[in-house]
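Okay, so here's the structure we're looking at.
The values are calculated or read from the model by the stated rules, or taken from the named source; none is laboratory data. Note that the coordinates shown come from a computational prediction; the quantities given were computed from them, not determined experimentally. As a convention, Cβ positions derive from the backbone with ideal geometry for all residues, glycine included, and neighbour counts pool all protein chains shown. Each accessible area value is taken on the protein alone, full model and side chains, heavy atoms only, with ligands, DNA and RNA left out. Shrake-Rupley method; radii C 1.70, N 1.55, O 1.52, S 1.80 Å.
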Amino acid sequence: ADGGGGPVLSAAPGRAQVFATVVDTFLEKLVAAGSYQRFVNCYRCFYKLQPQLTRSIYDQLISQLEASIKEEIQEVKNEGNLEGLFSSLDKIVEEAKDREEPAWRPSGIPEEDVRSTMVPYCLKHRSYLRSVLREKEEENRKVAESVLMGRDRIAELQQLIQARQQAWQ
Amino acid sequence: MSVDPMAYETQFFGFTPQTCMLRVYIAFQDYLFEMMLVVEGVMLKKLDGIPGCKISPSQIRKCTERFLLFMKEHFDKLFAKMEEVLLQLVLNIPKNVLLPEDRVQEQYPYSKEEFQALQDELQQLQQQYRAEAAAEQALRAELEEQEAVKAELEKILQCFDGLENICREHGAGNFKESFALLTQSSKKLQDVLKDVEEKSKKMKQHDQLM
């Protein structure tokens, strides 16, 4: 959820928020179940001997357990970059909110799925080929013209030379 | 554990949600057991220091087992609920959502045949281009040859023109005709010479025979 001064408030809590709330609730309820009363009931013999120590042991047990659990959760969040992923996913879901039909899902067959990823490249390649082909055809048309002109000129020169030759016979 | 493999979520998160939950479950459980062992240890140590204590270690162990059993039950129930919520609301991708990296799938839904047609078209274009390139080479080669031939022919023409200019300069208007006559006479002379040569050869042979 937004921590800063953004004017836009999300209507529903983001995934990160839900995650944190759910973990906190879990801990709360666990601690509530493992109440001091329950602890004393189990360790009655020791409690009778050392009531104060029992209390202190219990308090430490609970605080250590909470700390370890929170640390583990934090590690999981860091390793998986969960904070970032949660907020990205929230955005992606928000953008799709007006869409009702189910979206595409991988078919499990790589050859099928990879086709669509290749299509944009193929289309680009096709338009490139079309344009260089057109250029080349145009170029060749001009060169062909020059070649034809050249042939005419050579024929012309040959004729002139023949005429001269005859004049000198 | 749900049967749904959550493959799309795995693609997004880089891990399987269920595996993540399992890892966390095992870690939490381990902490719980560890803590209880520590509790036991502290109590046993304290009891050691009390002379004439009537509480045996096995009693303490029984206490621990009772407490642990109770905790584990609640732990499992609470964790199952937490896992359900997380898998449904947090570590999931709704059915109507398409990940940005997969946008092309909906932009270009090409069937096998359509894709093959596109590939064929590309191949055809490449062949056409190669043909044009070959044609270009042939054309340019001929152009080069033409230049060489043209140059030669123009040289020859220049020669002729040069001769005519000389004639004009020296006022020999009939030079062409005289040259033509000269060419003819020299041809006739050559023929006569040949005749004479043949006749003298014959005479020599005749002489030898005699």
Requested in this report: Using the structure shown, decide if residue B:51 is outside any helix (DSSP H, G or I), more than 7 Å from chain A (Cβ to nearest Cβ) and open to solvent by 40 Å² or more (accessible area, probe 1.4 Å).
Outcome: yes
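I'm trying to understand the selection: among the residues of segment A:66-111, which are acidic (Asp, Glu) and within 8 Å of chain B (Cβ to nearest Cβ)?
Within segment A:66-111, A:72, A:100, A:101 meet the criteria.
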The residue from B:11, B:29 that alone is in a helix (DSSP H, G or I) and open to solvent by 60 Å² or more (accessible area, probe 1.4 Å) is B:11
Reported set for segment B:48-65 where residues are among the hydrophobic types (A, V, I, L, M, F, W, C) and more than 19 Å from residue A:59 (Cα to Cα) is B:50, B:53, B:55
Considering segment A:19-48, residues that are open to solvent by 30 Å² or more (accessible area, probe 1.4 Å) and within 7 Å of chain B (Cβ to nearest Cβ), and then whichever is nearest to residue B:13 (Cα to Cα), we arrive at A:29
Only one of B:113, B:106, B:83, B:65 is under 30 Å from residue B:15 (Cβ atoms), exposed (fewer than 14 other Cβ atoms within 10 Å of the Cβ) and of a type outside the set (Ser, Thr, Tyr), namely B:106
The condition of being over 30 Å from residue A:133 (Cβ atoms), facing chain A (nearest Cβ under 10 Å) and open to solvent by 70 Å² or more (accessible area, probe 1.4 Å) holds, among B:163, B:182, B:189, B:153, only for B:163
| task | For residue B:81, state whether it is without any contact (Cβ under 8 Å) to a residue 60 or more places away in the chain, assigned to a helix (DSSP H, G or I) and among the basic types (Lys, Arg). | result | yes
Expected single match for in the same structural domain as residue A:23 (by the TED database) and either open to solvent by 70 Å² or more (accessible area, probe 1.4 Å) or at positive phi (or both) among A:138, A:83, A:145, A:72 is A:83
Taking segment B:54-78 and keeping residues of a type outside the set (A, V, I, L, M) and either part of a loop (DSSP other than H, G, I, E, B) or more than 7 Å from every other protein chain (Cβ to nearest Cβ) (or both) leaves B:54, B:56, B:57, B:58, B:61, B:62, B:64, B:65, B:72, B:73, B:76, B:77
